[in-house]
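The structure appears below as structure tokens.
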Amino acid sequence: MRIAKAILIPALLLFVLISCYKNEPVPVAAFTYKGTNSFTIPCKVTFINNSVNSFAWFWDFGDDSTSWAKEPVKIYTRPGKYIVSMRAYTESQKEWASAVQTVVIKDSVH
């Protein structure tokens, strides 16, 4: 009886742990963007999320501002080259992928 319990309890525990594990597909991060005013300041940039197998997203807009929105909108008020990165996370947030693009905002023409 003692041997049966010694085998049965660990086997049951292993079964529970395996059945709780989520086998999530690996995310693929991708995005595009479009801007107003021909990308001159002030420019409203809309980011379009094209990620696959993702549940949450973290954006860094290259100017110390961030967002957790799926498809954020950012208004740039200064000209420059902004390196925008997006991380796409699985539901458990154990897996993630990233995509990076440079957004160029021009000075307004007077």
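Derivation of every value follows stated rules applied to the coordinates shown; laboratory data play no part. Since we're looking at a predicted model, the values are computed, not measured. All Cβ positions, glycine included, derive from the backbone under ideal geometry; neighbour counts span all protein chains shown.
For region 24-105, the relative contact order is 35 percent, taking Cα pairs closer than 8 Å that sit 6 or more residues apart in sequence and dividing their mean separation by the residue count.
Ordered by packing density, taken as the mean number of other Cβ atoms within 10 Å over each peptide's residues, highest first, how do 63-74, 84-95 rank? The partial results should precede the final answer.
Numbers: 63-74: 14.1, 84-95: 16.8.
Put in order of decreasing packing, that is 84-95, 63-74.
Other residues within the sphere of radius under 9 Å centred on the Cβ of N53, judged by their own Cβ, net out at -2 (K and R +1, D and E -1). Restricting the calculation to Cα atoms, region 24-105 shows an Rg/Rh of 1.01 when the hydrodynamic-style radius is the Kirkwood one. Taking a sphere under 11 Å around the Cβ of C43 and counting the other residues whose Cβ falls inside, with K and R at +1 and D and E at -1, yields a net charge of +4.
Summing charges over neighbours of G80, with a neighbour being any other residue whose Cβ is under 12 Å away from its Cβ, gives +1 when K and R count +1 and D and E count -1.
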